[in-house]
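Here's the structure, in structure tokens; my notes come after.
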Amino acid sequence: MNRVIFNTILISCLMLGACKKKLPPVVNEVPVNLIKVKEQTVLYYDKYPSTTAALSQDNLLPQVSGAITGIFFTEGQLVKKGQKLYEIDKRIYQANYDAAVANEKVTESTLLQSQQDAERYEYLNKYNAVAKQLYDHAMITLATSKAQVKSAEEAVKSAKTNLAYATIYAPFNGTIGFSQVKLGTVVSPGTVLNTVSTDDPMAVDFIVNEKQLPKFEKLQEVKNQERDSLFTFLLPDNSLYPATGKITVIDRAVDSQTGSIRVRLVFDNPKHYLRVGMSGVVRVHNQDTKPQLVLPNKAVVEQMGEYFVFVAADTLVNNPKMGADSAKKQMKALLAHQKKVVTGQTIGPNVVIKSGINAGDRVIVDGLQSLHDGSKITTSNKVKGSGGGKGAK
């Protein structure tokens, strides 16, 4: 019985000691990792969505009506200027031409007869050996015959032109597309037969804001190769096109609704990697060689379209352990202060900071999720790197 009472008292004492065990102190400081901002020279590109375009492109349109009787090319292949591409049934145009030529010969014969008659009557008229009326009629007949010959000549030209239009030739060297008509298709003026476009060199068009116009105008003025090599092109699969481009045209006017203007580059395209209508990205090498402030992307927080960073600063705060009358009522603490920044170009995992912070500032790069303006922070404990960054809320 005494043993039971002793064990009960022992267990009660142990439980009472456990209850009186001190709880760990509450930690009010948020652990963070810092980085000291430094100026550095950066290499990056300004990027612009772009589209390839042919320097010359022509829709093949017939000028006469008829059935397609000949197709003389392979779709998608290169054609040479003057190469025969299509033929429209030319029988009716050949017949019209032959008839016009025959009519021209008739009028020429009539003109010859009228000329001889006019000369005869003119001679007789000098000696008053012919009636005046006959002489006048001879002169009128001669003028009419000349006009008929002129009309016949124009008819021959028209018939010859229509006959020539029955055959369609390549307007320049280029690549021809899929035929829109087949053998036997009846076409008329305005019907699109096919499209031919040049492909070497190839144009690449992109849009820039009017505020950037002076920059591109200066680049256009400088003709040396070093400047031209600033322009490169990323293909749709994000691979780099092997040739560099140069500015050839800046559009004549700014779009008043969007405040933008089109710029055209030209790239050599000997292997025809570039095709009309491809989408890609023009990269313009940034020429600003001045050192710039660069931060990891994860240090920048976006809030409603604006960007912020947290800067660590030693700040005097009230010391809770001291009374209000104490001479040491304030103490130093490391606090996080939120700063609004203006971001620039993204360079891999980093971003250029144009304004808002200064070189030498200590910026928080990890532990941002638990911070607000004025949070107490500590660097005593290392924080596991986060994947947050620009765009994180």
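A few notes on this one:
- Annotation: amide H of Leu60 within the under-5 Å range of Leu193, Asn194, Thr195, Val196, sequence separation 5 or more or interchain, hydrogens built in the peptide plane.
- Taking each residue as 0.36 nm, the span from Lys36 to Lys215 lengthens on full extension beyond its C-alpha to C-alpha distance by 61.2 nm.
- Extension gain (nm, one decimal) between Asp136 and Gln257, 0.36 nm per residue minus Cα-Cα: 36.3 nm
- Val249 accessible area, 1.4 Å probe, all protein chains in place, Å² to nearest 10: 70
- Here the Karplus curve 6.51 cos²θ - 1.76 cosθ + 1.60, taken at θ = phi - 60°, turns the phi angles of region 207-216 into couplings of 10, 10, 6, 4, 5, 8, 4, x, 4, 6 Hz, with x standing for Gly and Pro.
- From the C-alpha gyration tensor of region 78-159, square roots of 5λ in Å: 44, 11, 8
- Tensor-based shape of region 32-78 (alpha-carbon gyration tensor, a/c under 1.5 rounded, otherwise prolate or oblate): prolate
- Model label points for Ala67 and Leu124, set 7 angstrom from Cα along the Cα-to-Cβ axis, are 5.8 nm apart.
- Of Lys84/Lys150; Lys47/Lys215; Lys211/Lys354, pairs whose Cα-Cα distance is over 25 Å: Lys84/Lys150
- For the pair Leu240 and Asp58, the difference between a 0.36 nm per residue extended length and the Cα-Cα distance amounts to 62.6 nm.
- When the surface is traced with a 1.4 Å probe over the full set of protein chains, Tyr169 keeps roughly 120 Å² accessible.
- Candidate aspartates and glutamates - alpha carbon under 20 Å from Lys80, same-chain residues fewer than 8 apart omitted: Asp58, Asp199, Asp200, Asp268
- Summarising the amide proton neighbourhood of Leu34: residues at separation of 5 or more, or on other chains, whose placed amide H is nearer than 5 Å comprise Val365.
- Amide hydrogen neighbours beyond the local backbone of Gly344, cut-off 5 Å, H modeled: Val352, Ile353, Lys354
- Rounded to the nearest 20 debye, dipole of region 112-242 from Cβ charges on Lys, Arg, Asp, Glu: 520
- Charge dipole of region 135-248 about the Cα centre (unit charges at C-beta), most positive-ward option of Thr161, Leu213, Thr195: Thr161
- Protection proxy ranking of 133-142, 335-344 - average other beta-carbon atoms within 10 Å, highest first: 335-344, 133-142
- In Å², nearest 10: area of Phe310 left accessible to a 1.4 Å probe: 10
The values are calculated or read from the model by the stated rules, or taken from the named source; none is laboratory data. Predicted, not measured: the structure shown is a model, and the values here were computed from it. Methodologically, a virtual Cβ is constructed for each residue, glycine included, from the backbone with ideal geometry; neighbour enumeration extends over all protein chains shown. Only protein heavy atoms, including side chains, enter the accessible area calculation; ligands, DNA and RNA are left aside. Shrake-Rupley method; radii C 1.70, N 1.55, O 1.52, S 1.80 Å.
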